[in-house]
Amino acid sequence: MSTKSFSRRGVLKAGAATGVGLALPTIFTGSARAFTNEPGASSVTLGFNVPQTGAYADEGADELRAYMLAVEHLNGEGDGGMLSTFSSQALDGTGILGRRVEYVTGDTQTSSDAARSSARSMIERDGAIMITGGSSSGVAIAVQGLCQDAGVIFMAGLTHSNDTTGKDRRANGFRHFFNTEMSGHALAPILSNAYGNDRKAYHLTADYTWGWSQENSMRTYTEALGWETINTVRTPVGAGDFSSYLTPVANSGADVLILNHYGGDMVNSLTQAVQFGLRDMMANGKTFEIIVPLFSRLMARGAGSAIEGIYGSTNWHWSLQDEGSQAFTRSFGTKYGFPPSQAAHTCYVQTLLYADAVQRGGSFNPCSVVEALEGYEFDGLGNGPTLYRAEDHQCFKDVLVVRGKENPENDYDLLEVVEITPRETVTYPIDHPDFQGGSLGSCNPGA
Amino acid sequence: METIILQILNGLDKGSAYALIALGLTLIFGTLGVVNFAHGALFMLGAFCAVTLNKIFNLSFEAIDPTRTDFLGNPMVVNTPYVEAWFGPEMGHSIIDWSVPLSILFAIPIMAFIGVAMERGLIRYFYKRPHADQILVTFGLAIVLQEIVKAFYGANPIPMPAPEAFTGSFDFGRWIGFDAYAIMYPYWRLVYFGFAAVVIGAVFAFLRYTTFGMVVRAGMADRETVGLLGIDIDKRFVAMFAIASIVAGLAGVMYTPILSPNYHMGMDFLVLSFVVVVVGGMGSLEGAVAAGFLLGILQSFASMSQIIEFIPGINQVIIYLVAVVVLLTRPRGLMGRKGVMED
């Protein structure tokens, strides 16, 4: 008969080992499931990770509204929005694969660390099968990497840096929104017509991946027009007061200021640029001009009359007359009392595209979703015929060039679409130099 | 040269806000001996006094205008502010337009009340506790206040335009002999600088030329002796807490057209203002004001692209570098008094 006894040290060791085992994040441990967070028979949970605080909080709030609307429509509530105009008719308002859609939300705080932490919590604690959201490319790239490792799909919200589908692309990540390369390409001919080819540009740039990407694309395309880049200055995100960065512009020899800012930063920098008299100035014998490469109606509202006559590009605008845009604007406007922003649009569309891919593929397995979305051609979602390119998971569609309206008719009529640049024009080859250095890898189902 | 003048103007502007906040911080520290980490929240609350008054002025009634349509094609709902209905469109528009300066009158009693409530309701229980306890409780209070504001007003910045008469820029260059447009500076920023100078002057005059101020200064120097003379110094110190709250609040009110108010703006300024107080010298009012302007100007110069090219990131750390140098060479700060925070 064995007389083995338990020592105090042995018990402590065993207890510690058990504790560590239990504390291990479930996403890094194996399970009997086929893929991470395989949903049960009755419901499926989506994770909406948006900035509810910080410089991009306005966009985040609108994104969340759009997500909630998309969930309503997927569950067969409300007027159905774009479900009726979507070229794929796989979704029928009975949830996704017969499961009722539920959701959890997180606040990215416009910070990569906070965003990863809230995404991780939604995956591990709440069992989210898909994470979506954005408004900052730094955040989107960080969360996309996390989702790849965790084995869930990431449907990027508003993220405009080339890197999201360039050097930082991942197999589990998909972007519907356009990028800085497309903005530069679409804006260049319009700027040439409006301001000529002999201009000197000064860039103020948000100091993170999106700002660098936007500055690079604008430099490439404006220098190709014959413009000279006088200076590029990086500004911290959320700087608030941009006066120290704006005051040198007037005496720099530049006659164009390009504001590579977005969200609250753009509202502050543009308003302050106008306060500092830059738009009333003459420089090099020409009227001083300001350009905001990435524009949104929410920013236009924040900046008030400062945006009048200013050019920029946008992914979508509520005034578009196609059936899909009209259906979405009507649905969103009726529910919330104001039209949706481009951030809301891309998030709504991404949710529908995910649900549709699951429905068509017949499975929530991330690899099935990837297969269903790669090379997928669709229409009826507000941007005309659109392709999800298989090689980089970037959507290719028309790009809108807009201008701040001089005499708006109402509070929402702030931007006018001056050009719809066709998809063929803004499509770039997969080996474009600004998109090198990364690879999709293979899809990760997790579990 | 134009750039240097512009950066000095920027620095004076930023420095005005730092100086006003640091002045209040020093007043509270000098009189009550409390390290008040909720002082930034008072600046933020002042800014939201302006937002609140603007919202009150914009309270509207709805009417349907059948001649116009909204974005959904429905008859347009037009909101008309009550002030425009009561005082006529022009007068009503002017009242709304001038809501930021009018908020000064609105903010003074509110900030005084908040200051007294804060002191009587919480901070007085921490007078005899260590500074670490005071910092923790006031920091906690700041978080509570900003979360309350967030719950009511949301997390997004709320644009607050300056009165139309002060929009646009002043051609400062032409005025001092440079070319036209060489030195353009927004009117409102000049107004802010002037306003800060008046408030700072008023606080100093109050302390120097009134009996009340004399007693307070005596109390700051030797609280015990003043008490032995039969003067209720505590009551006067509470009044100084209220005055410091009003100064921070007014600094916030007038700053709203420069920086759209948001719930965490107080925290952004608090840390910098503490550095200003330390650099100026704990307990020195003159030091706080001088250091406020000095650090504002240095921060502006450090943000120039020519400087950042040489030392990347210097704009983020310049204030702390100056603090390190000042504390190494003058441990009591630029104008610090002997014996303060040295027990």
- Can you work out which of the residues in the stretch A:39-57 that are farther than 27 Å from A:D265 by Cα and modelled with pLDDT of 90 or more is nearest to the other protein chains (Cβ to nearest Cβ)? A:L46
- Considering residues that are open to solvent by less than 60 Å² (accessible area, probe 1.4 Å) and of a type in the set (S, T, N, Q), the number found within the stretch B:149-169 is 2
- Query: If you check A:L320 against the conditions, is it more than 10 Å from chain B (Cβ to nearest Cβ), open to solvent by less than 10 Å² (accessible area, probe 1.4 Å) and not small (G, A, S)?
  - Reply: no
- Among the candidates A:I141, A:I153, which residue alone is buried (at least 21 other Cβ atoms within 10 Å of the Cβ), more than 28 Å from B:N262 (Cβ to Cβ) and hydrophobic (A, V, I, L, M, F, W, C)? A:I153
- Which condition number does B:G287 fail, the rest of (1) touching a Leu at 6+ places or on another chain (Cβ under 6 Å); (2) within 12 Å of chain A (Cβ to nearest Cβ); (3) not β-branched (V, I, T) being met? (2)
- Message: When you scan the stretch B:248-267, do you find a residue that is closer than 13 Å to B:H39 by Cβ and surrounded by fewer than 22 Cβ atoms within 10 Å (Cβ to Cβ), even just one?
- Response: yes
- Give the residue, chosen from B:G213, B:G283, that is farther than 23 Å from A:S244 by Cβ, outside any helix (DSSP H, G or I) and modelled with pLDDT under 90. B:G283
- Is it the case that some residue within the stretch A:303-312 is within 12 Å of another protein chain (Cβ to nearest Cβ), open to solvent by 10 Å² or more (accessible area, probe 1.4 Å) and in a loop (DSSP other than H, G, I, E, B)? no
- Query: Taking the stretch A:404-431 only, how many residues are at pLDDT 90 or above and under 21 Å from the mean Cα position of the chain (by Cα)?
  - Reply: 9
- Say whether the condition of being crowded, with 21+ Cβ neighbours inside 10 Å and over 18 Å from the mean Cα position of the chain (by Cα) is met by at least one residue in the stretch A:125-137. yes
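One residue is enough: does the stretch B:104-113 have a residue meeting the conditions within 14 Å of chain A (Cβ to nearest Cβ) and of a type in the set (V, I, T)?
The answer is no; no qualifying residue exists.
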- Mind checking which residues of the stretch B:115-148 are within 14 Å of another protein chain (Cβ to nearest Cβ) and surrounded by fewer than 18 Cβ atoms within 10 Å (Cβ to Cβ)? B:I143, B:E147
- Task: Scan the stretch B:31-69 residue by residue and report those that are open to solvent by 20 Å² or more (accessible area, probe 1.4 Å), without any contact (Cβ under 8 Å) to a residue 60 or more places away in the chain and touching a helix residue (DSSP H, G or I) at 6+ places or on another chain (Cβ under 8 Å).
- Result: B:T52, B:F57, B:N58, B:L59, B:S60, B:F61
- Pairs under 7 Å by beta carbon, first residue more than 15 Å from A:E215 (Cα to Cα) and at the interface with chain B (Cβ under 7 Å from one of its Cβ atoms) in the stretch A:231-242, partner among the aliphatic types (A, V, I, L, M) and buried (at least 20 other Cβ atoms within 10 Å of the Cβ), six or more apart or different chains? A:G240/B:L259; A:D241/B:I258; A:D241/B:L259
- Note on the structure: The correct count of residues that are in contact with a Leu (Cβ under 7 Å, 6 or more places away or on another chain) and modelled with pLDDT of 90 or more in the stretch A:292-314 is 6
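Evaluate the following for B:R236: is it assigned to a helix (DSSP H, G or I), open to solvent by 20 Å² or more (accessible area, probe 1.4 Å) and in contact with a Leu (Cβ under 7 Å, 6 or more places away or on another chain)?
For B:R236, the condition - assigned to a helix (DSSP H, G or I), open to solvent by 20 Å² or more (accessible area, probe 1.4 Å) and in contact with a Leu (Cβ under 7 Å, 6 or more places away or on another chain) - is not met.
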- Message: Looking at the stretch A:98-111, can you tell me whether even one residue there is over 30 Å from B:Q146 (Cβ atoms) and out of contact with any Ser or Thr (no Cβ under 8 Å at 6 or more places or on another chain)?
- Response: yes
- If you go through the stretch B:230-238 one residue at a time, do you hit one that is at pLDDT 85 or above, hydrophobic (A, V, I, L, M, F, W, C) and within 19 Å of the chain's Cα centre (by Cα)? no
- Note on the structure: Taking the stretch B:173-187 and keeping only residues that are touching a helix residue (DSSP H, G or I) at 6+ places or on another chain (Cβ under 7 Å) and more than 7 Å from chain A (Cβ to nearest Cβ), one is left with B:G173, B:F178, B:D179, B:A180, B:I183, B:Y185, B:Y187
- Query: Can you find a residue in the stretch B:103-126 that is β-branched (V, I, T) and without any contact (Cβ under 8 Å) to a residue 40 or more places away in the chain?
  - Reply: no
- Message: Which residue is modelled with the highest pLDDT, if the candidates are limited to the stretch A:189-216 and must be acidic (D, E) and open to solvent by 50 Å² or more (accessible area, probe 1.4 Å)?
- Response: A:D198
- Query: Can you name the condition, by its number, that A:I291 falls short on among (1) more than 12 Å from every other protein chain (Cβ to nearest Cβ); (2) touching a residue at least 12 places away in the same chain (Cβ under 8 Å); (3) open to solvent by 20 Å² or more (accessible area, probe 1.4 Å)?
  - Reply: (3)
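Please go through the stretch A:43-63 and give me each residue that is among the hydrophobic types (A, V, I, L, M, F, W, C), open to solvent by 20 Å² or more (accessible area, probe 1.4 Å) and touching a residue at least 60 places away in the same chain (Cβ under 8 Å), ordered by number.
Matches in the stretch A:43-63: A:A55 only.
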- Message: The conditions are (1) within 8 Å of another protein chain (Cβ to nearest Cβ); (2) without any contact (Cβ under 8 Å) to a residue 60 or more places away in the chain; (3) buried (at least 23 other Cβ atoms within 10 Å of the Cβ), and A:N260 fails exactly one of them. Which is it?
- Response: (1)
- Item | Pair list, Cβ under 8 Å, 6 or more apart: the stretch A:403-414 residue of a type in the set (A, V, I, L, M, F, W, C), other residue outside any loop (DSSP other than H, G, I, E, B) | A:L414/A:R297; A:L414/A:A300; A:L414/A:R301; A:L414/A:I307; A:L414/A:G404
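The values are calculated or read from the model by the stated rules, or taken from the named source; none is laboratory data. It should be emphasised that the depicted structure is a prediction, and the values quoted were computed from it without experimental measurement. Neighbour counts are summed over all protein chains in view; Cβ atoms, including those assigned to glycine, are modelled from backbone coordinates with ideal geometry. Quick note on the areas: whole protein, heavy atoms, side chains included, nothing else; ligands and nucleic acids left out. Shrake-Rupley method; radii C 1.70, N 1.55, O 1.52, S 1.80 Å.
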